[in-house]
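Just below is one structure, and these are the notes that go with it.
The values are calculated or read from the model by the stated rules, or taken from the named source; none is laboratory data. All values reported here derive from a predicted model rather than from experimental measurement. Quick reminder, even Gly has a Cβ in these numbers, built from the backbone with ideal geometry, and neighbours come from all protein chains shown.
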Amino acid sequence: MQKERFSKSDFTKMYKLFNKKILDFLSKKVASKEIAEDLTAEVFEKVFKTIGDYQWQGISVSAWIYRIARNHLIDYYRKNDKFKEDKSFDDVVNIVESNSPTAETEIVRDEEDIILYKAIRELDEEDQYLIYYKFFEDMSNSQIAQIVNQTETNVGTRLHRIRKKMEKLISKKSNEQVF
């Protein structure tokens, strides 16, 4: 069976399909939209430069592009030594906290969101990525497995364990929350 290869002429199609998704992914992991836009451009520059080297070997094109984006994000944090200073989840919490709700249901929802994001911040980076892929990008375990280079079973097991851990963290945070 011959492995599929892509050419630089396929890049335009890939860019149109994945640009917004990669921008959304990166926007949630950095402090500003401008940084996310710059990183997205750099990711697609890497895709363009390496597209001729891509060979289908059981890893989908989307998994390949997300892996490039994820690795580029890690490189960005390492290069700029910003990992501890960039508080993308803190930014989300601050946005939620700064909303002035108009009804009791809005208040309850905001409080639940705050608790959720505080719990997510307590997870290690790898678990945060799994949560993001599963619940923010609505990816299947199979798609996630390709991106993180693990088996589908392993991803399912890890997500199950993360859910259990999140339940405990949310319960603990709910009890700590001052209303």
Query raised in the report: What residue, among those in the range 1-26 that are loosely packed, with under 10 Cβ neighbours inside 10 Å and among the basic types (Lys, Arg), is modelled with the lowest pLDDT?
Result: Lys3
Requested in this report: Being at pLDDT 90 or above and part of a helix (DSSP H, G or I) is the filter; apply it to the range 128-145 and report the residue that is surrounded by the most Cβ atoms within 10 Å (Cβ to Cβ).
Outcome: Ile144
